[in-house]
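Asker: Take a look at the following structure, please.
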Amino acid sequence: MTVTDESIHESVVRRASAGERAAQRELYEHFRDRAFRVVRRIVGESDADDVTQECFLKLFAKLHTFRFESQFSTWMHRLVVNESLQHVRKRSRRKEYGHPMLDEELGQVAGAAAMENAELLEVAMSRIDPELRVVFELKEVDELPYSAIAEIVGIPEGTVGSRLNRARTELRDQLTKLGWES
Amino acid sequence: MNCKQTRELMSAYFDGELNGFTGESQNEFRGHIASCEACAQELRSFEQLRQLAACQTTRRFTPPSWESIAARLDGASSRTLAAGSDSVDPATRDSRLIWTRRMAIGGLITLAASALLFFSLRVPQHHDVTSATQASVATINLQPLIELFNTDADKAIATLASRLPAAEVTLAKVEAEFGRPTFVQTSASNNSLPGNAQLVSTKLLQLPYCKCAKGACTCGPGGCTCVACLCERPDGSTYLVLELCKSQAITFGDLPVQLVKRRDRNLQQVEANGTVAISWEQGGERLAAIGIRGSQEIDSLLAKN
């Protein structure tokens, strides 16, 4: 019998749900990079470690509710996104003028063409709504189809396209402000 | 198909998700892109963003280790065991309950003792103190203030006032209690506060005791004090400047602190929830500014001190 990715997950999930540490570790190490990347994208670097830990503690606590009716990775993703967005909502929102000191310093750096593109995108991402960040990340980094993104984020599939439109437009505007030349 | 309709479908087309659309609709979309430079440029920008995102995926970040997760899982398990469960046999459960009760009683006694110590230390005393317990009580933790400042400055300042006796005071009272006019009040009287701000509130906070070397403290007979000045910019935003004796410690709690050199001063800098805070020493004083904006305001603060 061919052991598929899903069947590995199912046996591991069942053992992890029963509290077996080795299985929990296997589950964690399989998903941690993906989860951490999504968490980091939504909550930012300084809170990412803590929120990632919280996500997995919650995941293990709720594992018994997973019914194997959908892909485990989608279920995990959904939990991580919800926890991260909740964390952001609990934090106070930034005022519209953003992080003024950073604005000034980055303005100088971008003018000097000293910032790498990856850093530019990182900063631009931090300036758009977390709910837009997550759809962009799930599409561009995880390369998930709209149906999976809709399930993870909890929105209708038709809304994914319009949300991505907004994410891309706003990112482009932020990048332009940072001196990015398209 | 017009531009509005085309742009609504832009991402779906770009991501190959126009499944629900007929071939005719997809042709209309392509036809519009071919004839409209603005929409074509929009589509090209999506591709450029995709390429930028591809640069991101090569960056490596380190997630938390399994050990950190396991430690928290073990901690959670211990708490569950201490609370007792149906699967635990009665004899074991009873002995755990006895220990839990003893720990609870011990905890209550410790709490009462701490409260007694804290309230006794709130009486200002003008002499040297070196014990670690007293030092920890007297340290001013600015983390709650910084985290709240962006959304509600008044509530944020209240977090400080709730821990230290505080009173709204006049300029004359500050000079009497603090021993000298503060930088904010001097600048306010010259209309030269950073950010073209106006001084809107001055609070005097009573510190539990004086930690200054003998003869070094300039605070009045009431004991060591801290002055908190709230300044409002023309756009309605505010910043807070704290001034206190250098011997009095301030902390930013769990917030990560950056050490920054600016204008030959060593600054501690933190940021939380959109609020930037800095702290530095000048002469015999320690100063902290919360809600400060931009390098210009910082330079203005440092230049005046």
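Nothing in this text is a laboratory measurement; each read-out follows from the coordinates by a stated rule. Keep in mind the model is a prediction, meaning the values are calculated, not measured. Here the Cβ positions follow ideal geometry from the backbone for every residue, glycine too, while neighbour counts run over all protein chains shown.
Asker: Which order, highest average first, do A:133-145, B:181-193 follow once you tally other Cβ atoms within 10 Å for each residue and take the mean per peptide? Each step should come with its number before you reach the end.
Answerer: On the way: A:133-145: 20.9, B:181-193: 17.7.
The peptides rank, most packed first, as A:133-145, B:181-193.
Asker: How crowded by other chains is B:42-52, given as the mean number of beta carbons from other chains within 10 Å of each beta carbon? All intermediate terms of the calculation are to be shown ahead of the outcome.
Answerer: On the way: counts 4, 0, 1, 7, 7, 1, 7, 11, 3, 2, 12.
Taking all residues of B:42-52 together, the mean is 5.
Asker: In what sequence do B:Ile292, B:Ile33 fall when counting other Cβ within 10 Å, fewest first?
Answerer: Numbers: B:Ile292 25, B:Ile33 19.
Sorted ascending by nearby Cβ count, the order is B:Ile33, B:Ile292.
Asker: Ok, one more. Given an 8 Å cut-off on Cα distances and at least 6 residues of separation, report the relative contact order of the stretch A:120-182 as a percent.
Answerer: Working: 46 pairs, mean separation 27.4, N = 63.
That works out to 43 percent.
Asker: Taking beta carbons within 10 Å but only from partner chains, what does the mean come to for residues B:9-19? Intermediate values should be presented prior to the final figure.
Answerer: Values: counts 3, 6, 13, 8, 1, 5, 9, 2, 10, 1, 4.
Mean shielding count: 6.
Asker: Over 21 Å between Cα atoms, which of A:Lys90/A:Lys177; B:Lys173/B:Lys203; A:Lys177/B:Lys4; B:Lys203/B:Lys246; B:Lys155/B:Lys203 qualify?
Answerer: Flagged as over cut-off: A:Lys90/A:Lys177; A:Lys177/B:Lys4.
Asker: Rounded, prolate or oblate, given the Cα gyration tensor of the stretch B:147-191, with a/c below 1.5 counting as rounded?
Answerer: It is oblate, given that a/c is not under 1.5 and a/b is not larger than b/c.
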